[in-house]
Amino acid sequence: MKITGLFLLSALALLTSSGNTGADSLKREAKCSSEINGCPRIYNPVCGTDGNTYSNECILCRENEKRQIPVLIQKSGPC
């Protein structure tokens, strides 16, 4: 019984840790909507490939509109 519980606990820990690295490790473009004039004040940080933390994806989109080379999202959450 102890071996089964230990195995299940280990499998759960492995699945949990691999789930966090898969989606966030891929760089992706920010989803921008050209219809919105401003960005919401919702704090949902994203880490850009430039090493800066942006308050939300919309803020990153607005910064990308000003730049020659767009910044991608490195991961969800602060850098």
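Here is how the numbers come out for the structure above:
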| quantity | calculated |
| --- | --- |
| Simple spin-label estimate for Asn44 and Ser76 in nanometres, 7 Å along Cα-Cβ | 0.9 |
| Residues with amide H under 5 Å from that of Lys75, placed H, sequence gap 5 or more | Cys47 |
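The numbers here are math on the coordinates, done by the rules we state, and not lab data. From a predicted model like this one, the values you see are computed outputs, not experimental measurements. Cβ sites come from the backbone with ideal geometry, for glycine too, and all protein chains shown count toward neighbours.
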